[in-house]
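Before any comments, here is the structure.
The values are calculated or read from the model by the stated rules, or taken from the named source; none is laboratory data. Predicted model, so just to flag it, every value in this text is computed and none were measured. No Cβ is skipped: glycine too gets one built from the backbone with ideal geometry, and neighbour counts run over all protein chains shown.
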Amino acid sequence: MSAADNYLNASGLPPAEVSLLPLLKERIWPSSAPTDAPVWIHGVSVGEVELLAGLAGALRDLSPSLELLLTSTTPAGVALLARRFNGAARVHLRPFPLDLPFAVRRFFSAASARVLVLVETELWPAVLRRYRSLKRLFSRPLSAIAHVSARTPEDAARFEEIGIPAERITVEGDMKLDRPLPDEPPFAEDARRLARGRGVWVAGSVADEELEPVIEAHRTLRRGLDAFLVLAPRRPESFDAAARRLEAAGLAHTRRSALPAAGPADVLLLDSIGELAATYRLGDVAFLGGTFAPLGGHNVVEPLRAGLPTVHGPSTANIRATLEAAKECVRLVATPDRLADEGGALLRDEAARTRAREAAALLFAESSGTTRRAAERALAMARGTA
């Protein structure tokens, strides 16, 4: 285990988040401990690390003895790497170096990867320059990219426009949509007991400033419909604040951490990490957090993968392409005061929910196999056969 691995796993436990200052120190002055892994995969933060995990799994299926170097940039992303790969054999975890020549030089002096896979479009100039520095055949950072697996023809055209030769680009589909349906969460039966057959809407990745509108929407909704809410705040620091707001609103609630010992409730507060994707399977309708707050939207793939029609606010810069592809699976709610109306309409309309579920299934089928194809290409490049 390298010094960087020790940094990530010093406690022996998968952390919720790593400390900013030690992370920054490691990014500025990376460990010099050798990391002998032919394939390096980088995902900048939580969403990209989820994709990275799927790609790493596919690579290990293809070549179980393959050593992998996995990196991330943000505290939350680095912590998720530790949680996903805690104790995994032949997997090296490191923070991504700060994009400064001396930091990148030090990182590369320790890493021996033959291929770097960038999840999404994290095109860091110093890293890409350094990767081809021995031959110095190319003057522009983008020239170091050997291949682009684009999601759509439109994305392929954009990569070509910024200077990547067309022969290096293929359209492969979207890895975000190439996911198996997760298992139900371990508390599924307890949650169904709490819901008592009521329609369930799941408010996922709810930002602090969205807690009050979501709680008020549930109060409004319950005046005309006996519904049950699963409330999942975005940040662990918000769990207690959410509980206080539910109490102030007069809504009986149970924390996920209190299950199975729980009495009657109108709300299940998901005060856990890493269970939201599975929890969507318990719902009938979803609200996507980070869309009323000016955050650009959080992970919309998770509720869609569970087959839920998903309502969202107007802040969707981070997920616009997925929303466009999802079409009738998603609905825009212009203002928070309309959330109860839109959510309630879907809870009452079983036919609309069925159409959304069928459309979501088709959406995911179109990208089936994308992750394995990317893994096969990365492995071939590492072996020099691509």
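Selection of the range 52-74 for residues being surrounded by 23 or more Cβ atoms within 10 Å (Cβ to Cβ) and within 11 Å of the chain's Cα centre (by Cα) yields only 52. The residues on offer are 320, 348, 355, and the sole one that is more than 21 Å from residue 181 (Cβ to Cβ) and either more than 17 Å from the chain's Cα centre (by Cα) or among the polar types (S, T, N, Q) (or both) is 348.
Of the helices (runs of 4 or more DSSP H) lying entirely inside the range 107-196, those containing at least 2 residues that are under 30 Å from residue 257 (Cβ atoms) and at pLDDT 80 or above span 188-195.
Residues checked against (1) out of contact with any helix residue (DSSP H, G or I) (no Cβ under 6 Å at 6 or more places or on another chain); (2) without any contact (Cβ under 8 Å) to a residue 12 or more places away in the chain; (3) under 25 Å from residue 329 (Cβ atoms):
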position	(1), (2), (3)
233	no, no, yes
241	yes, no, no
244	yes, yes, no
248	yes, yes, no
274	yes, no, yes
286	no, no, yes
302	no, no, yes
312	yes, no, yes
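Give the range 197-240 a look and list any residue that's among the hydrophobic types (A, V, I, L, M, F, W, C), part of a helix (DSSP H, G or I) and under 17 Å from residue 293 (Cα atoms), or say none. 211, 214, 215, 217 - these are the residues of the range 197-240 that are among the hydrophobic types (A, V, I, L, M, F, W, C), part of a helix (DSSP H, G or I) and under 17 Å from residue 293 (Cα atoms). Scanning the range 221-232 for residues that are within 29 Å of the chain's Cα centre (by Cα) and over 18 Å from residue 187 (Cα atoms) turns up just one, 227. Filtering the range 46-66 for residues that are touching a strand residue (DSSP E or B) at 6+ places or on another chain (Cβ under 9 Å), among the aliphatic types (A, V, I, L, M), assigned by TED's automatic domain parsing to the domain that holds residue 375 and at pLDDT below 90 leaves a non-empty set. Within the range 24-42, residues that are in a loop (DSSP other than H, G, I, E, B) have Cβ atoms under 6 Å from residues that are of a type in the set (Phe, Trp, Tyr) in these pairs: 30/107, counting only partners at least 6 apart in sequence or on another chain.
Applying the condition of being of a type in the set (Val, Ile, Thr) and in the same structural domain as residue 243 (by TED's automatic domain parsing) to the range 162-219 and asking which residue is farthest from residue 245 (Cα to Cα) yields 200.
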